[in-house]
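A quick write-up on the structure given underneath.
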Amino acid sequence: MIKKGDIYYPTKEIKNKAWVKDKKIYKEAEKDPIKFWENLAKEIFWFNKWKKGFVHKPPYFQWFTEGKINITSNIFEHNSLGWEKIKNKTAIIWEPELIDEKPRILTYNELSGEVNKFANALKRLGVRKGDRVGIYLPMIPEVIISILACARIGAIHAVVFSAFSPNALKIRLQDTEAKVLITADGYFRRGKIIDLKKNADQGIQETKVKKVIIVKRAENKIKMEKERDFWWQDLVEKESVQCEPRVMDSEDTLFILYTSGSTGKPKGTVHACGGYTVQAKWTGKWIFDLHDNDIMWCTADVGWVTGHTYGVYSPLLNGIPTLIYEGSPDWPNLDRWAQIIEKHKVNIFYTAPTAVRMFKKYGTEFIEKYKFDTLRILGSVGEPIDEAAWNWYFKEVGKEKCPILDTWWQTETGGILITSLPGVGPFKPCFTGLPLPGLKFDILDEKGKSLPSNKEGNLVLLPPFTPGLLRGIYKNPKKYLETYWNEYGKKVYFTSDAAYKDKNGLIRIVGRVDDVIKVAGHRLSTGELEDAISRIPDISECAVIGIPDEIKGEALLSFVVLKKEKSLEQVQEEIKKQIRKEIGPIASIKNVYLVKDLPKTRSGKIMRRILKRLFTKEELGDISTLANPESVNQIKKVIIQ
Ligand code: WT7
């Protein structure tokens, strides 16, 4: 990489190899973004070509109308690299957590056979086009097979992160009304078996799930319920390796994925077949510069959108192997990830700042012996990456030769929308970079006025948006309208992020402006955390805030008002248990404060902003307008104790 001041540019070597090396692509795309995307869509296989590139009926829009497509045909028989060329190539490299267990490798042909067998099995169980299928699986090849099998037959997959609690699973299954759930007996995490089937059994209570398919992974003892539970292996045994792809309309739903918003209830983001395929394929190819011989490792769990797009769909659409790892990053030793990179000769590595900061904390000794000479491109996602973490990643992992792509996007956007391209640059620590060609982002003040460089405001996306943007919130048009198309009207997509740009147009993300908290890159809402805590008996009120945390980006604090006296230890324990039950281990509360009252506006709204400022260096501001300004002093005292 070439450094000029505080900005980095790609070397000749990187540029020469890159699919995109000339910045004139930005100008060209800007002239006619719809045509730009249509040209990219032409390199995808369609059963029938689309009629119109983009149709806008605010707040709804469509891409590639009346086009007929199946994303799995683009992965297998009609892969752009040619089926003959890829069929014996590796598609999945699976690294188990146990070090003495062998990795599993599946070629494209093998994967296709497994997908078709399972697709046939799903059909035999009565799954039809448009049916929702719940997937609650750990990082094992079957999670990819399940996703692709659904897509093959036009069923809508709704993956639920395997570390989510039974209750979190239940809420999502209730919303999707899925009749089938795919899960596993268990999986390994830090050397221990996690009893996933037990969670699944609890999670399907009070849902419409009638059939449960279980992958044998950990061989732990589980309870099987007759006529409801089926072993995966038994179902696929006699099925054919052939299954015709279901011809899908471009706007048919490919998947639903839940994410946190401002309220307690998670929102099911709906993604469409055509637009998502085009965006997943091209963003991967251009951003990670995917070439035929590359191996990509995206460390995100498939339970998150990053896992969907860059762990599954994008590498496979580009005909390259995707690596998935079952276990913990530092298990059994700190250098486990480093070992995996070297052992499988990973070229493209995509992870989250939290992981980088976690490793950085341990210094450099544990990875000094690794050369990482296969690595070519590094990516970061999910939260801002601070300069110190950026530098560590650049130096210790990328050995100063790999561009770091700080990629901004959201569950809602389906794919990466902001990052500088590896063959063009520029790269600047703390800045996520330039919007991709063809995208119109702006930064607006509260009144909707476009702001000049260096002024912070709300990040918005303007028409024609992007083919992969969500088409709705499942069964909740009102929420869709309110969340994304209300702040600046029905034609402006509101991201809920604050940002500013520098004089070169590079965008820096400041953070969320809503009640979403990012803990270790995971998206949580104050609403869902507070709902969970408030359900504990004897708690009359609570507020949750996120404060800056050195490793996790943000950490959770909770302020609790009790109905009757209890010890802090007891409340802490109850909250810990409750959060685990309602959400899962990712949402651990760092500190609990017992307070007499929470600061509120006269209309009764809890002022979380004020609570937060007690922990940052920001000024408290005028608190005299609160309904109960004295509460702030009392809370201050509790904090100091
Ligand atoms: C929110 C979306 C889609 C990838 C995983 C996260 C924050 C995402 C960055 C980045 C700063 C980022 C934003 C965004 N975010 N990428 N590169 N720099 N912040 O998806 O869980 O839907 O969260 O993550 O606040 O709105 P998500």
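The values are calculated or read from the model by the stated rules, or taken from the named source; none is laboratory data. In this text the structure is predicted, and so the values were computed from the model without any measurement. FYI the Cβ positions are ideal-geometry reconstructions off the backbone, even for glycines, and counts take in every protein chain you see.
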Could you give me the residue pairs with C-beta distances under 7 Å whose first residue belongs to region 253-271 and is among the aliphatic types (A, V, I, L, M), whose second residue is part of a loop (DSSP other than H, G, I, E, B) and within 14 Å of the ligand (Cβ to nearest atom) wherever it lies, and which are 6+ apart or on separate chains?
-> 270/470
For residue 250, state whether it is in the same structural domain as residue 302 (by TED's automatic domain parsing) and at pLDDT below 95.
-> no
Restricting attention to region 442-459, which residues are within 13 Å of the ligand (Cβ to nearest atom) and surrounded by fewer than 23 Cβ atoms within 10 Å (Cβ to Cβ)?
-> 458
The residue from 543, 587, 555 that alone is more than 30 Å from residue 389 (Cα to Cα) and small (Gly, Ala, Ser) is 543
If you go through region 1-36 one residue at a time, how many are in contact with a Leu (Cβ under 6 Å, 6 or more places away or on another chain) and charged (D, E, K, R)?
-> 0
Kindly provide the set of residues from region 447-469 that are touching a strand residue (DSSP E or B) at 6+ places or on another chain (Cβ under 8 Å) and under 15 Å from residue 496 (Cα atoms), ordered by number.
-> 456, 457, 458, 459, 460, 461, 462, 469
Return the residue satisfying two criteria in turn: it lies in region 514-569 and is surrounded by 23 or more Cβ atoms within 10 Å (Cβ to Cβ) and among the β-branched types (Val, Ile, Thr), and of such residues it is farthest from the chain's Cα centre (by Cα).
-> 560
Only listed residue being within 27 Å of residue 579 (Cβ to Cβ), of a type in the set (A, V, I, L, M, F, W, C) and outside any loop (DSSP other than H, G, I, E, B), chosen from 182, 213 | 182
Which one of these does residue 127 not meet: (1) part of a strand (DSSP E or B); (2) within 18 Å of residue 242 (Cα to Cα); (3) among the β-branched types (Val, Ile, Thr)?
-> (1)
Output for Cβ contacts, cut-off 8 Å, separation at least six or different chains, first residue assigned by TED's automatic domain parsing to the domain that holds residue 557 and touching a residue at least 40 places away in the same chain (Cβ under 8 Å) in region 599-622, second surrounded by 15 or more Cβ atoms within 10 Å (Cβ to Cβ) and part of a loop (DSSP other than H, G, I, E, B), reads 606/598; 606/599; 608/515; 611/598; 611/599
Do we have any residue at all in region 519-542 that's in contact with a Phe, Trp or Tyr (Cβ under 8 Å, 6 or more places away or on another chain) and in the same structural domain as residue 598 (by TED's automatic domain parsing)?
-> yes
Among the candidates 133, 143, which residue alone is without any contact (Cβ under 8 Å) to a residue 60 or more places away in the chain, out of contact with any Phe, Trp or Tyr (no Cβ under 9 Å at 6 or more places or on another chain) and surrounded by 24 or more Cβ atoms within 10 Å (Cβ to Cβ)?
-> 133
More than 27 Å from residue 260 (Cα to Cα) and either out of contact with any strand residue (DSSP E or B) (no Cβ under 9 Å at 6 or more places or on another chain) or buried (at least 23 other Cβ atoms within 10 Å of the Cβ) (or both), is that true of residue 281?
-> no
Looking at region 93-100, is at least one residue without any contact (Cβ under 8 Å) to a residue 24 or more places away in the chain, surrounded by fewer than 22 Cβ atoms within 10 Å (Cβ to Cβ) and assigned to a loop (DSSP other than H, G, I, E, B)?
-> yes
Filtered residue count, region 543-579, keeping only those that are in contact with a Ser or Thr (Cβ under 6 Å, 6 or more places away or on another chain) and of a type in the set (D, E, K, R) | 2
